[in-house]
Each structure stands twice: as C-alpha cells, then as structure tokens.
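The values are calculated or read from the model by the stated rules, or taken from the named source; none is laboratory data. Computed from a predicted model, the values in this text were never measured in an experiment. Using ideal geometry, Cβ is built from the backbone for each residue, glycine included, and neighbour counts are taken over all protein chains shown.
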Amino acid sequence: MRVLARTLALAVVLALGTPAHAADTIRLAVQKTGTFSWELATIREAGLDKEANLALDVTELASPEAGKIALRAGNADIMLSDWLWVSRERALGAKLTFYPYSSALGAVMVPASSPIKTLADLKGRKLAVGGGPIDKSWLLLQARMKQDGIDLKSDATIVYGAPPLIAAKALDGEMDASLNFWNFCAQLEAKGFRRLAGIEEILPKLGAKGAVSAVGYVFDESWAASHRDTVARFIAMTRKAKQLLVSSDAAWDKIAPLTGATDPAMLKTYRDRYRDGIPRRSINDEEADARVLYRVLAEIGGRDLVGPAAELDPGTFYHAVPGD
C-alpha cells in the first residue's frame, strides 16, 4: 500500500508538472507622457510580460531627469536616455550601458505656406528650438549648416523653450520655423505643417552610414552582468511589442488615449513616425555611427555636453544579446 501511495503521489506531481519559477522583477523608470509608456501598454495588453516571465514594476516620473536620478540612486533598473549621456556618465565613473530603443529624431518644421524651402533659407529667420542650447538635434543641425558656411546661432534668431511650448508657439505662428522632438513634430505634421528636414536626413552628411538610435534602454553594467537572462528576455519582449506596433493598427487604437492624439490623422502620424524609428541595424553598426556623431557633438558642444571624454566611451553599447 505504501508503494502504491508513493506511486500515486509521484504520478500526481508528474501530471501537474513542476512549479513555475516566480517572474523576475524589473523596475522601470518611465516618463509618464513618453513613448515608452505606449510600448509598455502594448506589452501588457498582449501579455508579453507574462510570456517572458517578467514582472514589470513601473514608476511613472515627470521628466527624463527624474529617471536619471532614480537609476543612479539604485531605485530603478532600466530607463530611457541617450548614448551621449551614458558615455558621459561612464567617463565620470558610473558604468551604465545602452541598448537601442528608437532612432526617431526631431525635424525642422515650417507652416505649409512658408516661403522657406531649404535649410539655407533659415538665415535671417526666427527659429525656435525645443530643449536648450546643447540639445543634440540642434547641435547636429548647426554642424551640418556650418559645412555650408552658415552659422545658425548668429545668422538666425534662435529662441529656446520646452518642447510643448515650442509646439504651441509654432501653431500660433510666432516663429518662422521650429526644431522639436519627433512626437511634437508629428503633432504639427498632422495639423498641416511641412517637414523642412528631418535630423535623420542630415546625418549622412555628418558621417553616419544609417539610422542611428539616439534613445535607448539604459541600465547598470554590473546589474546586467548578474541578470543576463533577464535582460535578454526584456529585450526580446520589447522587440515583440515593437513588431506588434508595426504590424497591427488595432494595437494603436488600444493605446490611442496614451498618445494624446486628438484625431485619427494625428494618431496615424504618430504611428508612422514611430514605425520609422524602430531600430533595424546591428549593435556594431549603431555603435560605429554613434562614435562618428559623438566626435561631431563633442566638437560643437564641448565639455558642457560630453564631459571630459573626447571619444565615445568603450562599453557604452550593450552587446550581450544573441543575434546582435
């Protein structure tokens, strides 16, 4: 009887299977109004987090700077930022690392009826810049124009401001042109504004060979080393979410309230520009172009932008994902 009881017990265990491992938790610092929140909503709606056996502990923050503080304080595992900041932090001793999230960049936008036809036509005009004097898109635009002998800082009237304010002022017609973050450019585009030039269009003139992911997932190097499988599953999960947002318009309908789109035309523009910005290149190619652009930015932005390092710090890009 004892043998029979043990046999039955073993049969029950085999039938039920072994207990599932508890999901690994990743703490995410996410800007509440940022596009990362769109991706996370898609992940949860499709159950991709459960499929990856990950528990996503999300802290919503008001600004990218708050995310940087959370990461450096050890209160978050992953946030979004750019490789320029990661390289600067590494040079200063913080061993952070970067994995591409999006190559979507800003653009110079003008009203549909504007007489401005080329970037050279910005001379003598009023140009509003979302961000500040060391905004990366602004510095890259300056570098490109200097190749043609145009110093926009002195040859145009430059106004700086917060991206939402710049977008609102552009709609009010208070400036001739604006350079803003991609999602605010998409808002203007949906309202009839014309893209004079996207920043991605000028990068080849500055030495880049393809689309460069300016924004990526940022995490601590030592944390990634001790959570290698977790990081791999996180990246695979986000790739699936991006693919869903590429292939399914219905997925966009589900996240529409998060985007702030006020009409179908604006949602479509967001969708198209987001899809354009999905990284499709190898890490080696991304890093090679980032290294080239870093030198351009270091030359024009100086220590205020890049800190003490004249070159992109080795280890800035995370390589430990199969297939990259």
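So the values come out like this:
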read-out: Condition met for M237 (of a type in the set (A, V, I, L, M, F, W, C) and more than 17 Å from N183 (Cβ to Cβ)); value: yes
read-out: Residue identified as among the hydroxyl-bearing types (S, T, Y) and over 20 Å from the mean Cα position of the chain (by Cα) among S248, S213; value: S248
read-out: Out of R239, R228, R273, R280, sole residue that is buried (at least 16 other Cβ atoms within 10 Å of the Cβ) and among the charged types (D, E, K, R); value: R273
read-out: Residue that is modelled with the highest pLDDT [pool: residues in segment 168-189 that are among the acidic types (D, E) and under 19 Å from R125 (Cβ atoms)]; value: D176
read-out: 2 or more residues under 16 Å from W38 (Cα atoms): qualifying helices (runs of 4 or more DSSP H) within segment 215-324; value: 228-247, 249-259, 264-276
read-out: Top-ranked residue of segment 154-173 - restricted to ones that are touching a residue at least 12 places away in the same chain (Cβ under 8 Å) and part of a loop (DSSP other than H, G, I, E, B), ranked as surrounded by the most Cβ atoms within 10 Å (Cβ to Cβ); value: A156
read-out: Residue count, segment 47-68 (criterion: within 20 Å of R88 (Cβ to Cβ) and exposed (fewer than 15 other Cβ atoms within 10 Å of the Cβ)); value: 2
read-out: Pair list, Cβ under 8 Å, 6 or more apart: segment 272-291 residue on the phi > 0 side of the Ramachandran plot, other residue surrounded by 22 or more Cβ atoms within 10 Å (Cβ to Cβ) and among the β-branched types (V, I, T); value: none
read-out: Hits in segment 193-225 (condition: among the small types (G, A, S), modelled with pLDDT under 95 and out of contact with any strand residue (DSSP E or B) (no Cβ under 6 Å at 6 or more places or on another chain)); value: G210, A211
read-out: Residue within segment 128-137 that is among the aliphatic types (A, V, I, L, M) and over 17 Å from P111 (Cα atoms) present; value: yes
read-out: Qualifying residue in segment 109-123 (condition: in contact (Cβ under 8 Å) with a residue 12 or more places away in the chain, under 30 Å from T238 (Cβ atoms) and polar (S, T, N, Q)); value: no
